[in-house]
Amino acid sequence: MSLLSIEGLTVALPPGGDRPHAIADISLSVDPGEILCVVGESGSGKSITANAMMGLLPKSLPVTSGRIRFEGTDLLALEPEAMRRLRGARIAMIFQEPMTALNPVMRVGDQIAEALRVHGAGRDAARRVPELLAAVNLPDPEALARSYPFRLSGGQRQRVMIAMALALEPALLIADEPTTALDVTTQMQILRLIKEIQSRRGTGVMFVTHDFGVVAEIADRVAVMQHGRIVETGPAKEVLNHPQHPYTRALIAAVPGFPSGEQATAASDARGPMAKDAVLVTRGVEKTYRRGGGWFGKPVTLRAVHDADFTLTRGETLGLVGESGSGKSTLARCIVRLVEPEKGEIAFHGTDLRPLTRIAWKPFRRRIQMVFQDPFASLNPRRTVGDIITEGPMTHGVSRSEALDRARDLLRLVQLDPGAMGRYPHEFSGGQRQRIGIARALAMRPELLIADEPVSALDVSVQAQVLDLLADIRKRLGLTMLFITHDLRVAAQICDRIAVMQRGAIVELGSTAQVFGTPQHAYTKQLLESIPGRGWTPPDLSGTVAA
Amino acid sequence: MDLTRLPGFLAARLAKAAVVILAIVVCNFLLIHAAPGDPASVIAGQSGAADERFLAQLREQFGLDRPLHVQLWIYLKGVLTLDLGFSHRQQLPVWTLIQARLPATLLLTGTAFVFAIVTGVTLGALAARRVGRWADSLITVIALTFYATPLFWIGLMLVLVFSVWLEWLPSFGMSSVGVELHGMAVVLDVAQHLLLPALTLGLFYLAVYARLTRATMLEVADQDFVKTARAKGVPEGRVLRAHVLRNAMLPVITFAGIQAGQLVGGAILVETVFAWPGIGRLAFDALLARDYAVLLGVFFCTSVMVVAFNLVTDLLYAVVDPRVEAVG
Amino acid sequence: MMDFWRRFRRNRGAVVGLCILVLVLLLSATASLLFPDSPWDMAAAPFMPPGEMGMLLGSDSLGRDVAAGIAHGARISLLVGAVSTAAALLIGVTLGAIAGYAGGIVDDALMRFTEFFQTIPSFVFAILLVAIFSPSIGSIVFAIAVVSWPPVARVVRAEVLSLRSREFVQAAEVLGKAPLAILLTDVLPNALSPIIVLSSLMVATAILTESALSFLGLGDPNLMTWGFLIGAGRSVIRIAWWMSVFPGLAIFLTVLALNLVGEGLSDALNPRLARRRA
């Protein structure tokens, strides 16, 4: 018998939404010792399914029909108090955002002890808390139990959450995107931890994710969700390698392939010999942040960028890859003077940009442009798309009518209707906004485009479209590009060369083929090993999937 | 904050408080000189200005014929040795006058503050717990009503109802006149006199704290860690107390610090309505007599009270919130 | 704009508040028509209770019409509320925007300055200012503006700081726009909603402060105000309750209306928060 079985679960949305149900007619099951991955893009209803099982849905989202059977009892028929006794004891849950999931004014140990205490196991707390912290591989459990959450890193906090969830040895663990907010190396550690604990204790796991790499890494079975419905379920190998439903096929086709050594070499050879003239050269750029200090405290210093020299030649795309805090974004912002470095030289066609005044910098603004990460924050919500795209050229003296013509052409280039000119950003989806952001940058007719994580806030299918668009534009306009990303799959797909950054320094720089095929630096190797599902090559579905 | 860093934190805050107090003194000094007319007559008070010999003496004392920075220095030295000037009207040093009135004001504001924060937080928490239901609506309406009513008018209406119509409670002063009382009877008598003024002063701030507590509790209740607590099976009552309320108290503490200054200002109005013999009443009398020396003294003293109170709330915050660092 | 009005209308309290506010505005606009005589003139015998001798709301110790006083006082209250708020906004928005945009030492200095004004007991300071510069409508507006700008400065600074790090402001920077242009077209328009909500509450507070000053006898001696009426009624509350009750109600209703409108604005301008409140 299944540990958990959901039959025909339907949750209503408040009236006035784009669909009547958040989830409709969901049926799933999880066996003891099994990992079920529920996959879908944002808005597919995967998180709502997870929360419904915990009885944690807000009042505005009522369950209208269906049953959730767990160890033989129907959870939906339980009294609130009986459900509470199950929560944390028999069914536990971990969440996406480790930074906000712990009470900031309560010690870590107390929060774990609380989980024990509310289920009548408070007597063992003093002994069990350090044990649990040790079990999730946290160093110095005794001291850690006494610290407050803000002292811990994201990965450490997620370990604490897992320790808390496992405190009472639940039969079922629900994990709602538990690694999405984490860096790739930390993500791999957490995935391994969950898998290890699950196989040791025979816990059933329902793992919610949007990432097929993660699915390939840990899933036994998969359920794919779209618009609140399950469109395909099956064993992981089946679904990953022989997807049946068109939506699943489209999603998997959008996953950037991870190149084997030969493929990558072939790809960069195909791009032909590169021109030798350098567009951008950085030498000895340093940026250090100082925080705090005041009258009596010691300031905390952070060397955000140092030892990060590179040369960008005409027409190439250089990927700047690293985890959060590696300094990749700071380096990019130093180049366009959103951040002012203390030292070093940033030579654009031989002119050092760093010492220039604001006025002297201005002509270079036309030639160096930037595309930003967050499609929702990167467009001024109070201006029309037309204004947003034309204001750059007009600032540099282009007449209004010419700027408008240019904007219309560009909207066509980024595959948007020129009728979008008079509308406001909130009327567009994330992917469309990112296209508008690209059009804004291109309106300046730049030579060098700096793209700062331009696809990391997008769903995987939209991500693929934007990447294709960037590749196409780059070829057509002969752009030089600096592409910042934390996602190695994305980097592999679009970059000619890759620079790996760690703690403010470039530790390895080489052609994409070299870096992926024969990585030299230990950190590069670690990064590559941490790509989830690296053993899985997405099947070639081209030709069978409509673009 | 971990408590080993408390001394450093305290030192930083004390230094900051000292700077603020110094700035207030300078501000007072500038006001005397910004006022239209002769600074000496400002210090003496307009209505007491007739006495030319006294004015001459003031000019001598404050060095008013000397350069401005020398005058500032003389003034600073005076204030820092608690010489807040001399009330020509009352023929007494200002500090003596204030000293005599201070306990009554502290009693009034202290009582009102405790009443306001305890009742306000309780009502706000109750409203947040029953959000959208009649108890919430009732509390919200009451809070909004007191929030929109002038303090002095609440005082007058309470006098009208409880003293004039019902004759339950005295309407002015701090103790009954013409009766000899001893022991507990004195305490009771003062308590009776205190009830209406403290209620008047407290009701407005009660409204403020109730609204703030309700709003922050609803905000905190939406946060992830509250969901974590529910997910681990913490009973609802404990979720509210240990997780929501504890975090919602942080802005309340901050706000209590900011509100302190307004509480003192409100005391002037309440003491005027109820003839409560505190420094607020002293300020009102000084206002009628245009006795600026006393007014400036009251401003200085109330400012110091607020700075001291802010110091306490800062420390409290630092103890409650582990994230506070020992920096200004 | 239609959206805004629809969301505003959904908050019933806000609509009631708006109605009250319109009535008060009408009253102040028509005061000279309804009560053509000066509110300082004797109109009846002293201490007439409401309804007698044609005195709708009674007469005061000198036989002046309380209703006329309230109608004429409405003008002064609204005027002082609006003008002092405008002045405080001017100071607060300027200092807050500079502090938030400039950052560094300038920000530090301006924030210490703001903190100082927030620390000192504001009402006591206002009393001192009006007393020293002698009571007049000018000194009252000045005093209220001086004590009420700090919250504006803080809100604007916080907004500017958070907007500054937003990517669309960085994009404007990368496009080469001038700092002032960025501040005026990208930053401030997006900081508008909290400023609008705050200012409706500031008008309410300013009216309360003005009435308190007048109550203490610091009103403009030539102008009839609500606070003055209550102050005059204070010592005779045992014989003429109407002298303090009605002007107080006028203040209460006006301030309540402004607060309700403020909440409605806040709901209409921040739909996300409004839904949470429901």
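The values are calculated or read from the model by the stated rules, or taken from the named source; none is laboratory data. What you are looking at is a predicted structure, and each value in this text was computed from that prediction instead of being measured. Cβ atoms come from the backbone with ideal geometry, glycine included; neighbour counts cover every protein chain shown. These accessible areas exclude ligands, DNA and RNA; they are computed on the full protein's heavy atoms, side chains included. Shrake-Rupley method; radii C 1.70, N 1.55, O 1.52, S 1.80 Å.
Tabulated results
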{"item": "Selection count where residues are within 12 Å of chain C (Cβ to nearest Cβ) and at pLDDT 90 or above, scope region B:245-265", "result": "0"}
{"item": "Residues (buried (at least 24 other Cβ atoms within 10 Å of the Cβ) and in a loop (DSSP other than H, G, I, E, B)) located in region A:24-43", "result": "A:GLY40"}
{"item": "Subset of region B:233-289 (residues that are among the aliphatic types (A, V, I, L, M), within 17 Å of A:ASN103 (Cβ to Cβ) and not in a helix (DSSP H, G or I))", "result": "B:VAL234"}
{"item": "Tabulated pairs, region A:225-243, first over 27 Å from A:ALA52 (Cα atoms), second in a helix (DSSP H, G or I) and open to solvent by 70 Å² or more (accessible area, probe 1.4 Å), C-beta under 7 angstrom, 6+ apart or interchain", "result": "none"}
{"item": "Top-ranked residue of region C:16-46 - restricted to ones that are part of a helix (DSSP H, G or I) and open to solvent by less than 50 Å² (accessible area, probe 1.4 Å), ranked as nearest to A:TYR424 (Cα to Cα)", "result": "C:GLY17"}
{"item": "First in region C:175-186 and facing another protein chain (nearest Cβ under 8 Å), second anywhere and assigned to a helix (DSSP H, G or I) and open to solvent by 50 Å² or more (accessible area, probe 1.4 Å), Cβ under 7 Å, 6 or more apart", "result": "C:GLY176/A:LYS362"}
{"item": "Subset of region A:135-153 that is under 28 Å from the mean Cα position of the chain (by Cα) and surrounded by fewer than 17 Cβ atoms within 10 Å (Cβ to Cβ) - its residue that is nearest to A:ALA92 (Cα to Cα)", "result": "A:ASN137"}
{"item": "Criterion: in a loop (DSSP other than H, G, I, E, B) and either open to solvent by 40 Å² or more (accessible area, probe 1.4 Å) or under 17 Å from A:LEU172 (Cβ atoms) (or both) - qualifying residue of A:SER60, A:SER65", "result": "A:SER60"}
{"item": "Options B:GLU219, B:GLU236; residue that is open to solvent by 20 Å² or more (accessible area, probe 1.4 Å), under 25 Å from C:PRO151 (Cα atoms) and out of contact with any helix residue (DSSP H, G or I) (no Cβ under 6 Å at 6 or more places or on another chain)", "result": "B:GLU219"}
{"item": "Of all residues in region B:273-295 being touching a Gly at 6+ places or on another chain (Cβ under 7 Å) and buried (at least 24 other Cβ atoms within 10 Å of the Cβ), the one that is farthest from C:ALA212 (Cα to Cα)", "result": "B:ALA293"}
{"item": "Single condition C:GLY100 does not satisfy, out of (1) farther than 28 Å from B:GLY266 by Cα; (2) open to solvent by less than 20 Å² (accessible area, probe 1.4 Å); (3) without any contact (Cβ under 8 Å) to a residue 12 or more places away in the chain", "result": "(3)"}
{"item": "Count - residues of region C:187-216 that are without any contact (Cβ under 8 Å) to a residue 24 or more places away in the chain and within 30 Å of B:THR272 (Cα to Cα)", "result": "2"}
{"item": "Scope region A:472-487; condition in a helix (DSSP H, G or I) and open to solvent by 10 Å² or more (accessible area, probe 1.4 Å); matching residues", "result": "A:ASP472, A:ARG474, A:LYS475, A:ARG476, A:LEU477"}
{"item": "Among (1) within 14 Å of chain C (Cβ to nearest Cβ); (2) closer than 30 Å to B:LEU287 by Cα; (3) not β-branched (Val, Ile, Thr) - the single one B:PRO197 does not satisfy", "result": "(1)"}
{"item": "Residues (hydrophobic (A, V, I, L, M, F, W, C) and either open to solvent by 60 Å² or more (accessible area, probe 1.4 Å) or over 23 Å from B:LEU263 (Cα atoms) (or both)) located in region B:161-179", "result": "B:VAL161, B:PHE162, B:VAL164, B:TRP165, B:LEU166, B:TRP168, B:LEU169, B:PHE172, B:VAL177, B:VAL179"}
{"item": "When residues of region A:98-126 are limited to those that are more than 7 Å from chain B (Cβ to nearest Cβ) and surrounded by 22 or more Cβ atoms within 10 Å (Cβ to Cβ), the one modelled with the lowest pLDDT", "result": "A:PRO98"}
{"item": "Failed item, numbered, when B:ALA242 is tested on (1) open to solvent by less than 10 Å² (accessible area, probe 1.4 Å); (2) farther than 28 Å from B:GLY155 by Cα; (3) within 9 Å of another protein chain (Cβ to nearest Cβ)", "result": "(1)"}
{"item": "Selected residue [among the basic types (Lys, Arg) and under 26 Å from C:PRO189 (Cα atoms)] from A:ARG358, A:ARG367, A:ARG412, A:ARG354", "result": "A:ARG358"}
{"item": "Residues of region A:159-201 that turn out to be within 14 Å of chain B (Cβ to nearest Cβ), of a type outside the set (Asp, Glu) and under 24 Å from A:VAL321 (Cα atoms), as a count", "result": "3"}
{"item": "Residue among B:LEU82, B:LEU102, B:LEU76 that is among the hydrophobic types (A, V, I, L, M, F, W, C) and in a loop (DSSP other than H, G, I, E, B)", "result": "B:LEU82"}
{"item": "Residue satisfying all of: in region C:229-244; open to solvent by 20 Å² or more (accessible area, probe 1.4 Å) and within 8 Å of chain B (Cβ to nearest Cβ); nearest to the chain's Cα centre (by Cα) among these", "result": "C:ARG234"}
{"item": "Set C:PHE117, C:PHE168: member being within 14 Å of another protein chain (Cβ to nearest Cβ) and either of a type in the set (Gly, Ala, Ser) or more than 23 Å from C:SER199 (Cβ to Cβ) (or both)", "result": "C:PHE168"}
{"item": "Test result for C:LEU90, more than 14 Å from every other protein chain (Cβ to nearest Cβ) and part of a helix (DSSP H, G or I)", "result": "yes"}
{"item": "From the options C:LEU163, C:LEU192, residue that is buried (at least 21 other Cβ atoms within 10 Å of the Cβ) and either within 12 Å of another protein chain (Cβ to nearest Cβ) or among the β-branched types (Val, Ile, Thr) (or both)", "result": "C:LEU163"}
{"item": "Residue within region A:171-194 that is open to solvent by 10 Å² or more (accessible area, probe 1.4 Å) and over 24 Å from the mean Cα position of the chain (by Cα) present", "result": "yes"}
{"item": "Residue identified as of a type in the set (Ser, Thr, Tyr), touching a residue at least 12 places away in the same chain (Cβ under 8 Å) and in contact with a Phe, Trp or Tyr (Cβ under 6 Å, 6 or more places away or on another chain) among B:THR272, B:THR302", "result": "B:THR272"}
{"item": "Qualifying positions in region A:519-539 - modelled with pLDDT of 90 or more and among the hydroxyl-bearing types (Ser, Thr, Tyr)", "result": "A:TYR523, A:THR524"}
{"item": "Filtered residues of region A:231-246 (kept if buried (at least 22 other Cβ atoms within 10 Å of the Cβ) and farther than 13 Å from A:LEU36 by Cα)", "result": "A:LEU240, A:PRO243"}
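Residue-wise test of (1) open to solvent by 10 Å² or more (accessible area, probe 1.4 Å); (2) over 30 Å from the mean Cα position of the chain (by Cα).
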site: A:ARG406; (1), (2): yes, yes
site: A:ALA439; (1), (2): no, no
site: A:LEU449; (1), (2): no, no
site: A:GLU453; (1), (2): yes, no
site: A:LEU458; (1), (2): yes, no
